[in-house]
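The values are calculated or read from the model by the stated rules, or taken from the named source; none is laboratory data. If you're wondering where the values come from, they're calculated on a predicted model, not measured in any experiment. Here Cβ is always computed from backbone atoms with ideal geometry, including for glycine, and neighbour counts include all displayed protein chains. For accessibility, only protein heavy atoms count, side chains too; no ligands or nucleic acids. Shrake-Rupley method; radii C 1.70, N 1.55, O 1.52, S 1.80 Å.
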Amino acid sequence: MFGPLETGAGYWTPLVWVGSMVVVVLVTLVIRGLGERTAKNTHMKGDPFMSGNPEVSKENSHVRAGNIYWGFLKAMEPYYKPLMKWHNGNVNDYVLMFIMVIAVLLLAIVLPGVF
Amino acid sequence: MIANIPYIAAMAMVVIGIYACVFRRNLIKVILGVALIESGANMFLITLGYRGLGSIAPIYTNAPATGNMTLPIPQALTLTSIVIGVAVLALMISFAVSYYKKTGTLDTRKGVLKE
Amino acid sequence: MSEMSKITRTVASLAFPFILIFGLYVIIHGHLTPGGGFQGGAIVASACVMLLVAYGSENVGKRLKEEHLSTLESVGALGFIGLAFAGIGTAFFYNLFANTGGLFGNTVEFGINAGDLNTSGVIPWMNIAVGIKVMAGLTAIVLTMAIASNKHFDKEGEE
Amino acid sequence: MMFMDWILHNAPVLILALPLLAAFATPLVGKLGKWPRNVFVVSVAVIVEALVIYLASDVIANGMHTYVFGAASGILLPSGYSVPVRIIFQVDAMSVFMAIISATVTLAGIVYSWAFVTDKQGQSKYYTLLLMMAVGMFGMEFTGDLFNMFVFLEILSIASCALVAFRISFSESSEGALKYMVVSAVGALFVLIAIALLYGQYNVLNLAAVGSAIQFTALDKIALVLLVSAFAMKCGAVPMHMWTPDAYSAAPAPITMVLVSASQASMYALFRIAFTLYGVSMNTGAVGWFIIILGVLSMFIGVTMALPQKDIKRLMAYHAISQSGYMLLGVGVGLATLGSSAFNEYGLTAMKGGIFHIINHAMYKGLLFLTAGAIYYRLNTRNLNKMGGLGHTMKWTAAFFIIGALAIAGIPPFNGFASKVLIYESVFRFSPLLSIIAMLVSVLTLASFVKVFHSAFMGPRLPEYEGVAKEVPWPMFVAMALLAAIVVAMGLFPNLIVDNLVTPAAQALAGRADYLNAVMGGA
């Protein structure tokens, strides 16, 4: 029941992993405990620095979903543009893709037997 | 050759139905295309039951002691598939009615669910 | 859908009982002749649809309520599955009443014969259950669609 | 003891017949009020779950069950005619494995719906259709008859389409349902044509009987193509996946969760067709590679389409496509190596990974859809751009979301990692490139769930949701907690599931001869 899971090339034991994680966390806590106590109270720690501009209110500073990975999506635009064009929400194309897959598979399966 | 005509007709019906599903832009016509494919499939099934000319309908009280009946199983299958087809068609048309009432269009290209 | 002309209404009322009887005949004789629960139920439902066309969905909708039809449909389905369950001592869908002598329980005569209605065990009972379900279900479908496409129907689609 | 034997003997049919009976009794019970109906439906789901587990324990210990309908004399006719013409259910380890998933997901969905479905109208019909979906799934998984498979497929698609359009007052509900219905009706009709092609040649519909007679003629090849493509479409494989996000995002959240399980029932049918009906009689290499290519395409395109999504349920739907790719990849490798020495070296492990991923995916993706439903329940929006700061008030939902997101991204020690590591290591020996793509997809999955977590749960409290964003009611909490507990337990003890459920299932799928002999026997 608690034995390792054979994966063909090795094995995987979650309980050992959890145990080692606990050890790592304990070591981290110990190292943290050795630190300077006063460090927490440093002035202005954690405040954002907006190039000298006044800080925006918290409600307006939330990064919305549309802005996350904007750079990645911009860089991948040559890949995404045709992909978005393909997902056009047209039910005709849904059926067409299905028929095309059938056609490709027919060629792959039936033709080798004919020739 | 003459015995193959029903098969050809059934497959022609399927092909016409696929054509309607893929190339017609009106949702009602797409639904009619599905109905045509269904009729083609049903016709194919019922043709499978009729093997050899001169066999009679499988009605128990009319069955002669000798002679061939047509296979009753494909007819049972066809009946089941017709019943299912009625449900599918009624459901699709209800969706189309509701969609038309909300959006005022039946064009497949005007959907809002895309990308 | 509004009312049609008086001729249509009269003919529809006259034809209605006959179509009804024919549908019930097809349901009852499902094990002897082509047809059965679904076909007979569809015939009965088509009679109701004819009334719907002749008298308009508003008038018919007052007499035939969708929730009553749904209840009837559930009863039909429950009857069908209940009959299937009845045979579970042997096997699900076992033909329990065949050759027992009760209603529909006569043994089947072989060869060409006129056909005895009182045979086939559980099959006619199942046909009746399916017939009830189909006549209620199909009528409910057409009735709901007709009421939903009324002009007076609320645009939002609720209630 | 007699009673338990009777239950066990009739279990395959009771698992179907009870929800079917309950489905039609629900409108009648619903007239008594909301509480009696909900208690009734939940208790039916619990009984079915118990029956499934009881049946599973027996099938895995003692082998396959064959249930013959309407017969006192078993599979032979009274005249001694031995070609199986009767309708049968054939339940092996793979079937019960899938049935456990369906039963658990249905139970969680019904419990969750108790609080989630607050519409004035049609509540009883909602539960009727939900139970019908369960019937369709169990039917597809248990049946030993090709035509029955088609019938249950149609029951499943009709019930699920009607439920996708449950919130009919939104135009996108009817649009998504209509698209799903058109595509699945065309797919199901191709399945019917393929079954007719097989019936025309072999004059039987029994899966085992057709399987033992199959010659792989030209017509068989056409039937194979139609069946494989139709079922691959129904399980949402790229490039036939476009209905998935439409239907999943339009449906209410618990329905979306059951839809995931429904698409997995289609995947089961695909595997059953490929392994049992055709098996080694066909060109397993070509079909195996076709399934692998579909799987890799699904993984990659699914996850890259998920990244830019702004609708939380569309995003998760694309992840569902991407995760199905793992299952297709794992089992496809098993199919491609079937019958060769490589099968025992790594093919079986790949299959185990793929099959284990099915149950993992059903659980964590169900959990994620339920959390998305919880957000929708409180905020009334699915738009990620409008969310933020929910972690302050919906702490439990946030915790469940983290569990689900870490599991889907394959972070140890959750269950997603256990199945993915099986797939990576065995597929690497088959073709290293595929394994690398699979790992890359995992990374992108984590990236997109980080996006969801940040935009929905992190950040300051938003003023527009002051007082609205509360913790969810208890039935929704119970359903999510059930799935989260299963996810954590399966992650901590993966070999418990793999040894007792997954390995028998993989061997049942690969062991074609046993399945055929159970029906054909000496004949």
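Among the aspartates and glutamates, select those whose C-alpha is under 20 Å from the C-alpha of residue A:58, and discard any that sit fewer than 8 residues away in the same chain.
Within the straight-line cut-off, residue A:58 pairs with A:47, D:464, D:466.
Helix D:474-492 against the longest principal axis of chain D: what's the angle in degrees, Cα atoms only, rounded to the nearest 10?
60 degrees
Once you put a point 7 Å from the Cα of residue D:81 and another 7 Å from the Cα of residue A:96, both along the Cβ direction, what distance in nm separates them?
4.9 nm
Mind listing which GluC sites (Glu not before Pro) in the stretch D:421-523 are in a DSSP loop and have 16 or fewer other Cβ atoms within 10 Å?
D:466, D:471
Taking θ as phi - 60°, what are the ³J(HN,Hα) couplings along the stretch B:66-73 by the Karplus curve (6.51, -1.76, 1.60), each to the nearest whole Hz, with x for Gly and Pro?
With coefficients 6.51, -1.76 and 1.60, one gets 10, x, 9, 9, 6, 5, x, 4 Hz.
Could you pull out the pairs from D:34/D:179; D:125/D:395; D:386/D:470; A:85/D:470 whose alpha carbons sit more than 28 Å apart here?
D:34/D:179; D:125/D:395; A:85/D:470
Just checking the output field for D:57-69: average partner chain Cβ neighbours within 10 Å of each residue's Cβ?
1
Using only Cα atoms, locate the centre of the stretch B:40-59 and the centre of the stretch D:348-368, then give the distance between them in Å, rounded to an integer.
Cα centres, the stretch B:40-59 to the stretch D:348-368: 44 Å.
Roughly how large is the D-A contact in terms of buried accessible area, totalled over both chains, probe 1.4 Å, nearest 100 Å²?
Buried surface at the D/A interface: approximately 4900 Å².
With a 1.4 Å probe and every protein chain kept in, tell me what percent of the accessible surface of the stretch D:260-318 is carbon plus sulfur.
Looking at the stretch D:260-318 in its full context, I get 72 percent from C and S.
Using amide H atoms built 1.01 Å from N in the peptide plane, name the residues 5+ places from residue C:56, or on other chains, whose amide H lies under 5 Å from its own.
Residues meeting the amide H criterion: C:4.
Quick check: pseudo-label points 7 Å beyond the Cα along Cα→Cβ at residue B:100 and residue C:18, how many nm apart are they?
Those two pseudo-labels are separated by 3.3 nm.
Mind checking the mean number of beta-carbon atoms from other chains within 10 Å of the Cβ atoms in B:72-82?
Rounded to a whole number, the mean comes out at 4.
At most 10 other C-beta atoms within 10 Å and a DSSP loop state: those are the exposed trypsin sites (Lys or Arg not before Pro) I care about. Give me the longest piece of chain C that has none.
C:1-150
For the stretch D:283-492, what is the Kirkwood estimate of the hydrodynamic radius, computed as the reciprocal of the mean inverse distance between distinct Cα atoms, to one decimal in Å?
Its Kirkwood hydrodynamic radius stands at 17.5 Å.
With each label point set 7 Å from Cα along the Cα-Cβ vector, what nm distance links residue A:36 and residue A:83?
4.7 nm
From the phi of every residue in the stretch D:90-106, what ³J(HN,Hα) in whole Hz does the Karplus formula 6.51 cos²θ - 1.76 cosθ + 1.60 yield, where θ is phi - 60° and glycine or proline is x?
After applying 6.51 cos²θ - 1.76 cosθ + 1.60, I find 10, 10, 10, 4, 5, 4, 5, 4, 5, 5, 4, 4, 4, 5, 5, 5, 5 Hz.
Nearest 5 percent is fine: what portion of the DSSP beta bridges confined to the protein assembly as shown is antiparallel?
85 percent
Rounded to the nearest Å, what's the spacing between the alpha carbon centres of the stretch D:1-69 and the stretch C:1-40? Just the number, please.
Going from one Cα centre to the other spans 39 Å.
Name the aspartates and glutamates eligible as straight-distance cross-link partners of residue D:420: C-alpha to C-alpha under 16 Å, and not fewer than 8 places from it in the same chain.
A:6
Using only Cα atoms and rounding to the nearest 10 degrees, what angle (0 to 90) does helix C:6-28 make with the longest principal axis of chain C?
So the helix axis and the longest Cα principal axis differ by about 20 degrees.
Enter the accessible area per residue of the stretch C:15-159 (Å², integer; probe 1.4 Å; all protein chains in place).
With all protein chains present, the stretch C:15-159 gives 49 Å² per residue.
Mind giving me the FRET efficiency for residue D:2 and residue A:22? R0 is 51 Å, r the Cβ-Cβ distance, nearest 0.05 is fine.
Efficiency for this residue pair is about 0.50.
Roughly how crowded by other chains is peptide D:403-413, in terms of the mean Cβ count from those chains within 10 Å of each of its Cβ atoms?
Mean shielding by partner chains, rounded to a whole number: 1.
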